[in-house]
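See structure below.
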Amino acid sequence: MRDWMPWHVERRCVLRARMSDLADGIGAVLPASVALGWDDMDEVDPGPWLEELPSASPQRQQEFHAGRRAARRAMAKLDLPPLAIPMSKDRSPEWPAGLVGSISHCQGACVAILARATQVRGLGIDVEPAADLPKDVWDTVLRADELRDIHRQPPATWGRAALQYFVAKEAVYKAQFPVSKSLFDFHAIRLTITRSDFVAEFMISVAGFEAGSVLQGTLVQTQGFVAAAVVILR
């Protein structure tokens with residue numbers, strides 16, 4: 001959903017010193033069945049894993065391998081041996097049999113969440129720098145009714161509120177994709193945000209989710225970061 005967004009490429013998160021606090025915040029809202037791992041991207045060697053990201057820049061390669069390291073740290077918390085996570089044809093992580101997961105990375109840091117497929121159907125995590133969402137992408141991210149909800153707030157908060165919608169919708173998309181294998185735009189999801197919680201309603205039907213179906217998620221905000229997590233339990 002985000003690959004075409006130039007502002008996202010130009011504004012990578014550089015606040016890795018805050019990642020420990022963010023990881024603690026995300027971990028506090030996850031159920032016990034979901035493990036979290038994180039990486040500050042200090043390592044360069046991708047290790048002995050058969051994981052490749054063809055034709056990518058050095059920075060993108062670094063992010064890719066950091067995400068895999070974070071996921072293997074989550075595996076350890078589930079008492080699992082470290083396993084390779086290659087990239088599938090649709091460019092999403094190809095999780096080992098019996099596992100579901102999600103990775104979010106930015107320059108300098110990344111987070112991965114992981115669970116056993118017997119307990120969880122889908123996971124979604126997204127982390128972004130705490131900054132206003134550029135106004136020129138609001139119409140792409142926000143439905144008209146969501147924009148009206150934002151405009152009920154003080155004007156000084158609109159940009160940061162729009163970022164919350166973006167982060168939450170990214171997490172919803174990642175969580176549903178292993179189930180539906182469907183691509184859709186931001187307007188296919190209607191969000192209702194209440195403090196740190198949100199409900200996402202499907203406005204269209206996709207495999208596994210009828211129109212009107214809802215997913216619940218949580219927003220986490222720490223100094224320098226905004227994150228969203230969605231867990232679809234069995």
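The values are calculated or read from the model by the stated rules, or taken from the named source; none is laboratory data. Bear in mind that the values here come from a model prediction, so they are computed numbers and not experimental data. Using ideal geometry, Cβ is built from the backbone for each residue, glycine included, and neighbour counts are taken over all protein chains shown.
Taking D132 as the residue in question, decide whether it is outside the structural domain of P31 (by TED's automatic domain parsing), out of contact with any His (no Cβ under 6 Å at 6 or more places or on another chain) and in a loop (DSSP other than H, G, I, E, B). Criteria met by D132.
Within the bounds of region 5-22, is there any residue that is modelled with pLDDT under 85, surrounded by fewer than 17 Cβ atoms within 10 Å (Cβ to Cβ) and among the acidic types (D, E)? Looking for residues that are modelled with pLDDT under 85, surrounded by fewer than 17 Cβ atoms within 10 Å (Cβ to Cβ) and among the acidic types (D, E), one finds at least one in region 5-22, hence yes. Take the conditions in contact with a Phe, Trp or Tyr (Cβ under 8 Å, 6 or more places away or on another chain) and either at positive phi or of a type in the set (S, T, Y) (or both) and apply them to T218. Does it pass? Against the criterion (in contact with a Phe, Trp or Tyr (Cβ under 8 Å, 6 or more places away or on another chain) and either at positive phi or of a type in the set (S, T, Y) (or both)), T218 qualifies. Taking region 204-226 as the range and being in contact with a helix residue (DSSP H, G or I) (Cβ under 7 Å, 6 or more places away or on another chain), of a type in the set (A, V, I, L, M) and either modelled with pLDDT under 95 or surrounded by fewer than 18 Cβ atoms within 10 Å (Cβ to Cβ) (or both) as the test, the residues that pass are I204, A207, V226. Scanning region 89-126 for residues that are at positive phi and free of Cβ contacts under 8 Å to residues at least 24 places away in the same chain yields R91, G98. Residues considered: A56, A66. Of these, the only one that is of a type outside the set (F, W, Y) and in contact (Cβ under 8 Å) with a residue 12 or more places away in the chain is A66. Selection of region 109-165 for residues being under 30 Å from L80 (Cβ atoms) and in contact with an Asp or Glu (Cβ under 7 Å, 6 or more places away or on another chain) yields A109, C110, D126.
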